[in-house]
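A.B. asks: Pasting in a structure now, in structure tokens, and then I'll have a few things to ask.
We did not get these values from a lab; they are worked out from the coordinates using the rules stated. Source: prediction; values computed, not measured. Cβ placement follows ideal geometry from the backbone for every residue including glycine, while neighbour counts extend to all protein chains displayed.
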Amino acid sequence: MTTTSELRIEGLHASVAGSPILRGVDLVVRSGEVHAVMGPNGSGKSTLSHVLAGRPGYEVTAGSVALDGVDLLAMEPWERAQAGLFLALQYPIEVPGVQLIDVLEASFAAGGHDPSVVPALVGAEAERIGLDDRLLHRALNVDLSGGEKKRSETLQLAVLRPRIAVLDELDSGLDIDALRDCARRVEQASNDGLGVLAITHYSRLLDELRPDVVHIMVKGEIRESGGPDLATRLDVEGYAAWLPVGEEPTPEPAPDPYADPFADPLA
Ligand code: ADP
Ligand code: MG
């Protein structure tokens, strides 16, 4: 059975700590499509992923987000996951005391699926993605290298089989081999029908994960959308062509690898 899914973002405006960050984002991602959202640091790419996932503290001030016609913004984060949305974090969090297999079994059970199939699925995916199976029994992301964390995120995606995946800088902090393996696995998932919103700063991710559409986000807006050649142009010209004269990219806040991504940033 193949069903087609659609993530529809319309006129999305969002603020953090009272500052407007997203200023009218329109994007439609369908099953089997790969959309790349590229942009300079501080342009609001991670904010978009956090708003889609439902992180507290991100206030939607206008616009809508629907997954298969259902209002995503009215749902709790876990309901969004159950509806088929997956988010791979730019900085995966460490969860002491909880193993990857536990997380995936709990997700299966919560979604009404038989969790007893999880260990076999995880084993097969670990081999496919090149994740050492000793790491499967470590606490989630604890003491993993950047590349291992991203392989682990990709493995979770492959096992959970969401409808739409938002990947926030899958390429940050990983070596070229891990990048190739993760990007390839996501590309295969998209060929099997996954819709992908791949947020990235550099075009190297897109050597393996072939985008259908490339969007350039600057200052919380999509300033241009086009084919894969847009990413190539970006490689040559940088982001300068999309920044008006005198406009500087906003610096991105320094990452905190221990921060809880679902904590309220204002608390
Ligand atoms: P990108 O991922 O494109 O580098 P971000 O979405 O992380 O950009 O940040 C966009 C803007 O929002 C930046 O100016 C940043 O300082 C601001 N911002 C993001 N998160 C927070 C937060 N939790 N508190 C205050 N400002 C934030
Ligand atoms: Mg970011």
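A.B. asks: For the chain, what mean projected area does the convex hull of the alpha carbons give, in nm²?
C.D. replies: Numbers: hull surface 55.4 nm².
Taking the Cα atoms of the chain, their convex hull projects to 13.8 nm² on average.
A.B. asks: Lys/Arg Cβ at +1, Asp/Glu Cβ at -1, dipole of region 1-158 taken about the Cα centre: which of SER31, GLN82, HIS113 is farthest positive-ward?
C.D. replies: Sorting the options by dipole projection puts first SER31.
A.B. asks: Separate question: Could you work out the local net charge near ALA66, counting Lys and Arg as +1, Asp and Glu as -1, over the other residues with Cβ closer than 15 Å to its Cβ? Intermediate values should be presented prior to the final figure.
C.D. replies: Details: positive: ARG8, ARG30, ARG80, ARG163; negative: GLU6, GLU10, ASP26, ASP68, ASP71, GLU79.
Net local charge, ALA66 excluded: -2.
A.B. asks: With an 8 Å cut-off on Cα pairs and a minimum separation of 6 or more residues, tell me the relative contact order of region 1-137 in percent.
C.D. replies: Working: 158 pairs, mean separation 27.9, N = 137.
Normalised by residue count, the contact order of region 1-137 is 20 percent.
A.B. asks: Here's a follow-up. Counting helices only, and only those DSSP H runs with n ≥ 4, report the 222 nm mean residue ellipticity of the chain as the sum of -39,500 (n - 2.57) divided by its residues, in deg cm²/dmol to the nearest 500.
C.D. replies: Working: 7 runs with 78 residues, N = 267.
Roughly -9000 deg cm²/dmol at 222 nm, from the helical runs in the chain.
A.B. asks: Extending each Cα 7 Å along its Cβ direction at GLU79 and ALA241, get the distance between those two points in nm, one decimal.
C.D. replies: Label-label distance for GLU79 and ALA241, simple model: 4.3 nm.
A.B. asks: Test of understanding: given the chain, find the longest segment containing no chymotrypsin sites (Phe, Trp or Tyr not before Pro) that are in a DSSP loop and have at most 16 other Cβ atoms within 10 Å.
C.D. replies: On the way: sites that count: TYR202, TYR258, PHE262.
Segment 1-201 is the longest.
A.B. asks: To continue, here is another question. Pulled fully out, how much extra length does the chain show between VAL70 and VAL117, if you take 0.36 nm times their separation in residues and subtract their Cα-Cα distance? Display every interim value, and only then the final one.
C.D. replies: Details: separation 47, 0.36 × 47 = 16.92 nm, distance 2.95 nm.
Gain in length upon complete extension: 14.0 nm.
A.B. asks: Then there's this: Which whole-number percent gives the relative contact order of the chain, counting Cα pairs below 8 Å spaced six or more residues apart?
C.D. replies: Working: 514 pairs, mean separation 76.1, N = 267.
For the chain, the relative contact order is 29 percent.
A.B. asks: Which net charge results for the neighbourhood of ARG180, defined as the other residues with beta-carbon distances under 14 angstrom from its beta-carbon, given Lys and Arg at +1 and Asp and Glu at -1? Show your work: numbers first, answer last.
C.D. replies: Working: positive: ARG128, LYS150, ARG151, ARG184, ARG185, ARG204, ARG210; negative: ASP171, ASP175, ASP177, ASP181, GLU187, ASP207, GLU208.
Cβ neighbours under 14 Å give a net charge of 0.
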